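A.B. asks: After the structure tokens below, expect a handful of questions from me.
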Amino acid sequence: MRLFDQLVFNRQLFMRHRVRTVLLLLAVSIGVASVILLTSLGEGARGYVDREFSALGNRILIVLPGRKETTGGGPPIYGASPRDLTLEDANALGRIPGVLAVAPIIAGTTTIAHSNRSREVITLGSTDAFFTVRQLNVGMGRLLSARARTEPLAVCVLGVKVKRELFGSRRALGQWVRVGDRRMRVIGVLEERGESLGLDMRDMLVIPVRTAEQLFDSPGLFRILLDIAPSADSDKIQEQTLRVIRKRHDGEEDVTVISQDSMLAAFDNILATLTMAIAAISSISLLVAGILIMNISLISVSQRRKEIGLLKAIGASSRQIKQLFIGESLLLISMGSALGISVAFALIFVFAGLWPSFPLQPPTWAVPAALLVAFGTGLVFSIMPAKRAAALDPVLALRGLQH
Amino acid sequence: MIKLEAINKTYQVGGSPLRALCDVSLQIEPGEYLSVMGPSGSGKSTLLNMIGLLDRPDSGRYWFDQVATEELNEERRAHLRGENIGFIFQSFHLINRLTAFENVELPMMLAGQPVKQRRSAVTDVMAMVGLSDRASHKPNQLSGGQLQRVAIARAIVMRPRLLLADEPTGNLDSHSGGEVIDVIEKLNQDGITLITVTHDQQLGDRARRHIRMVDGMIDSDHNAHIKGSNIKSSQTKISDIKSVDIDSADTEDKKSDDATI
């Protein structure tokens, strides 16, 4: 039997059983579309995180006080109270070749007040470098100057949300605000910008690092951000950072250095695994479609006993009967897959329009994987009905009798 | 052309064995016109299915054109059946979703023949059974006699040398039954070997050779009117057969429920 003839034969069959055909097509296309859509969701999340990280700065090393690794044996009876990271440490790190900028950060919560309004706000004490490293731009006024590295200036830069809540639509620049027990002048407001790695820069107050040191009465830094030259070797600078700290902390290596690359790699790993898991879960819908195909094929075999008997009587071999039934399933799956792929990409396109900041990206393997699973289950689940059809006794089948 | 030797076939019916065929031996020459008669359960249909290669004997040998068929695999048997044997059934067994033309085309399609060749062959046989104008009709638009003629067209479209008819007029009234008989006897006159299984004494008597079966055995086998002149060489091609002129009054409409698939 020629392929074309089989296609014609199956087409006539599909036209005859329209409802059945449409339902099966629907089952297969939903399965294929869900594999593609869900994996693009996972891949989209990965892309989103990648972009967030690059928004953080090109290449960043984060130095945290305290060691995160387990050391030695036995319980730390004397305690391993970590030495504070200090501004002097930060300055020393700035002298490492390849480090473009150092942003020491002191973090705390203070009350900020203007006239009769006040609110709690996360306050970061830092320098002008902070804005470069975090790629923050000024919306109004100006940012901290280089003097903020060394002098406890009574100035501050507000996030847009803080500005809005304290001043409303009134002018904030040049106004005095009360931060803790100090008076500071507002010199700038940050540009409106989304959340970045859980830090909502709209709801922040940035003051000079020396001012923060006095305000919080603590020389300990929350962390130090290092901006690395694109040409520099991140691993090497990481090593040098540890060496500098060790020298300054009497041989103790009591800091943790996290590179942006390693964080990104960790996220990448997690999200890639997640995407695979999602793919596996959505494949279940294809499995269900496969079982549906098997059931309906089995019903079709018993409904078409006479036809099968007849086909055998007029010269169809068992192999041809098998071929007809498997071909029928494969054809359904091809059409269902085509439908599912088109629907999936149409939806991805629509989502891209509705939600441009989080575009769904189908991973390159999504379509082949969906097709593989669809055809695999289709084939596996149509073999049984096809075998049953081929094994029919033509004589009994023609009479419409069971074995 | 056909030689059966000590064919045995036993079916399990409700747990107890039923001997459908018991040491049946039979020889059939090309161009013969046989009728097989006998009471229900005498093994007539089993014999027909055996000859038609739809069934395999438990023991015994069957040569079709000197080919020992019991040695063939399913694939080869299907091929042999498709090429050489045409079936006509009591309940027609046409496929409902296909037009008359497509039903007739089916055997050629299964054999993988090219479309062009199929078209001309189908057109020829449709004319032969007098249904050229009904080619695009679906089975539910045709009368019983027309359905059986479509089935005959399908049986002969591959130009088989053997035509097996199982109660070909069983579901038809006498008028359309007569038309069907005319068509298949004309085919026999033009050289095709014809075997009819029937309960109908009148139809059975029309054959030249009468086989009577009882309890899975051939009870009697005799030639009715030994003219022999009609036994021609099996080389005669169906293409030589002229269109059978049939009064297309087609008043019959008796259709059994299982007339079509």
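A.B. asks: Restricting to region A:196-228, name every residue that is among the aliphatic types (A, V, I, L, M) and modelled with pLDDT under 85.
C.D. replies: Within region A:196-228, the first condition is being among the aliphatic types (A, V, I, L, M), and the residues that meet it are A:197, A:199, A:201, A:204-207, A:209, A:212, A:215, A:221, A:224-226, A:228.
Hits for region A:196-228 are A:Leu197, A:Leu199, A:Met201.
A.B. asks: Name the one entry in A:Val22, A:Val49, A:Val28, A:Val32 that is assigned to a helix (DSSP H, G or I), modelled with pLDDT under 85 and either open to solvent by 70 Å² or more (accessible area, probe 1.4 Å) or not assigned by TED's automatic domain parsing to the domain that holds A:Phe130 (or both).
C.D. replies: Values: A:Val22 fails: modelled with pLDDT under 85; A:Val28 fails: modelled with pLDDT under 85; A:Val32 fails: modelled with pLDDT under 85.
None of the other options fit; the residue is A:Val49.
A.B. asks: When the residues of region B:109-152 are filtered to those that are free of Cβ contacts under 8 Å to residues at least 24 places away in the same chain and among the small types (Gly, Ala, Ser), which remaining residue is surrounded by the most Cβ atoms within 10 Å (Cβ to Cβ)?
C.D. replies: Once the filter is applied, the top-ranked residue is B:Ser132.
A.B. asks: What single numbered condition from (1) free of Cβ contacts under 8 Å to residues at least 40 places away in the same chain; (2) crowded, with 21+ Cβ neighbours inside 10 Å; (3) under 27 Å from B:Arg76 (Cα atoms) fails to hold for B:Gly177?
C.D. replies: It is condition (3) that B:Gly177 fails.
A.B. asks: Name, by its number, the condition in (1) open to solvent by 20 Å² or more (accessible area, probe 1.4 Å); (2) assigned by TED's automatic domain parsing to the domain that holds A:Ser334; (3) of a type in the set (A, V, I, L, M) that does not hold for A:Val257.
C.D. replies: The failed condition is (2).
A.B. asks: Right, next: State the number of residues belonging to region B:182-213 that are basic (Lys, Arg) and not in a helix (DSSP H, G or I).
C.D. replies: In the first step, residues of region B:182-213 are kept if they are basic (Lys, Arg); the result is B:186, B:206, B:208-209, B:212.
So of that shortlist, the ones also not in a helix (DSSP H, G or I) come out as B:208-209, B:212.
Going through region B:182-213 one residue at a time, the tally reaches 3.
A.B. asks: Whether any residue in region A:343-360 is part of a helix (DSSP H, G or I), buried (at least 20 other Cβ atoms within 10 Å of the Cβ) and within 14 Å of another protein chain (Cβ to nearest Cβ) is what I want to check.
C.D. replies: No, the conditions are met nowhere in region A:343-360.
A.B. asks: List the pairs whose first member sits in region B:31-50 and is touching a residue at least 24 places away in the same chain (Cβ under 8 Å) and away from chain A (no Cβ under 14 Å), whose second member is assigned to a helix (DSSP H, G or I) and among the charged types (D, E, K, R), and whose Cβ atoms are under 9 Å apart, counting only residues at least 6 apart or on separate chains?
C.D. replies: B:Tyr33/B:Glu185; B:Tyr33/B:Arg206; B:Ser35/B:Asp205; B:Ser35/B:Arg206; B:Val36/B:Lys44; B:Met37/B:Lys44; B:Gly38/B:Lys44
A.B. asks: So in region A:243-284, with the set limited to residues that are touching a strand residue (DSSP E or B) at 6+ places or on another chain (Cβ under 8 Å) and among the hydroxyl-bearing types (Ser, Thr, Tyr), which one is nearest to A:Ala33 (Cα to Cα)?
C.D. replies: A:Ser259
A.B. asks: Going by the structure shown, is B:Asp200 open to solvent by 40 Å² or more (accessible area, probe 1.4 Å) and in contact with a Ser or Thr (Cβ under 7 Å, 6 or more places away or on another chain)? Break it down stepwise before answering.
C.D. replies: Details: open to solvent by 40 Å² or more (accessible area, probe 1.4 Å): yes; in contact with a Ser or Thr (Cβ under 7 Å, 6 or more places away or on another chain): yes.
Spelling it out, B:Asp200 is indeed open to solvent by 40 Å² or more (accessible area, probe 1.4 Å) and in contact with a Ser or Thr (Cβ under 7 Å, 6 or more places away or on another chain).
A.B. asks: Hey, does region A:318-326 have a residue that's within 14 Å of chain B (Cβ to nearest Cβ), modelled with pLDDT under 85 and open to solvent by less than 10 Å² (accessible area, probe 1.4 Å)?
C.D. replies: no
A.B. asks: So if I check each of A:Ala148, A:Ala92, which one is within 30 Å of A:Lys247 (Cβ to Cβ), aliphatic (A, V, I, L, M) and crowded, with 19+ Cβ neighbours inside 10 Å?
C.D. replies: On the way: A:Ala92 fails: crowded, with 19+ Cβ neighbours inside 10 Å.
None of the others qualify; the one that does is A:Ala148.
A.B. asks: Please go through region A:292-310 and give me each residue that is assigned to a helix (DSSP H, G or I) and either more than 30 Å from A:Arg2 (Cβ to Cβ) or within 14 Å of chain B (Cβ to nearest Cβ) (or both), ordered by number.
C.D. replies: Taking region A:292-310 first, the residues assigned to a helix (DSSP H, G or I) are A:292-303, A:305-310.
Result: A:Ser300, A:Val301, A:Ser302, A:Gln303, A:Arg305, A:Lys306, A:Glu307, A:Ile308, A:Gly309, A:Leu310.
A.B. asks: Taking B:Phe89 as the residue in question, decide whether it is more than 10 Å from chain A (Cβ to nearest Cβ) and aromatic (Phe, Trp, Tyr).
C.D. replies: On the way: more than 10 Å from chain A (Cβ to nearest Cβ): no; aromatic (Phe, Trp, Tyr): yes.
It is false that B:Phe89 is more than 10 Å from chain A (Cβ to nearest Cβ) and aromatic (Phe, Trp, Tyr).
A.B. asks: Just give me the residues in region B:27-44 being open to solvent by less than 10 Å² (accessible area, probe 1.4 Å) and of a type in the set (A, V, I, L, M, F, W, C), in sequence order.
C.D. replies: Scanning region B:27-44 gives B:Ile28, B:Leu34, B:Val36.
A.B. asks: Let me ask something additional. Any idea which of (1) out of contact with any strand residue (DSSP E or B) (no Cβ under 9 Å at 6 or more places or on another chain); (2) not in a helix (DSSP H, G or I) is the one A:Gly315 doesn't satisfy?
C.D. replies: Here A:Gly315 clears every test but (1).
A.B. asks: Further, regarding this structure: From the set of residues in region A:1-21 that are at the interface with chain B (Cβ under 7 Å from one of its Cβ atoms) and of a type in the set (Lys, Arg), which is nearest to B:Glu75 (Cα to Cα)?
C.D. replies: A:Arg2
A.B. asks: Hey, another quick one. Give the residue, chosen from B:Leu106, B:Leu80, B:Leu98, that is surrounded by 17 or more Cβ atoms within 10 Å (Cβ to Cβ), facing chain A (nearest Cβ under 9 Å) and either aromatic (Phe, Trp, Tyr) or under 19 Å from B:Asn49 (Cβ atoms) (or both). Before you say what the answer is, go through the steps one by one.
C.D. replies: Values: B:Leu106 fails: either aromatic (Phe, Trp, Tyr) or under 19 Å from B:Asn49 (Cβ atoms) (or both); B:Leu98 fails: either aromatic (Phe, Trp, Tyr) or under 19 Å from B:Asn49 (Cβ atoms) (or both).
It is B:Leu80.
A.B. asks: Determine which member of the set A:Ala370, A:Ala289, A:Ala313, A:Ala389 is touching a Gly at 6+ places or on another chain (Cβ under 9 Å), open to solvent by less than 10 Å² (accessible area, probe 1.4 Å), within 14 Å of chain B (Cβ to nearest Cβ) and not charged (D, E, K, R).
C.D. replies: Working: A:Ala370 fails: within 14 Å of chain B (Cβ to nearest Cβ); A:Ala289 fails: within 14 Å of chain B (Cβ to nearest Cβ); A:Ala389 fails: touching a Gly at 6+ places or on another chain (Cβ under 9 Å).
Unique residue meeting the criteria: A:Ala313.
The values are calculated or read from the model by the stated rules, or taken from the named source; none is laboratory data. Worth saying up front: this structure is predicted, and the values here are computed from it rather than measured. Cβ coordinates were reconstructed from backbone atoms using ideal geometry, including for glycine residues, and neighbour counts include every protein chain displayed. Accessible surface is based on the protein model in full, side chains and every heavy atom, while ligands, DNA and RNA are left aside. Shrake-Rupley method; radii C 1.70, N 1.55, O 1.52, S 1.80 Å.
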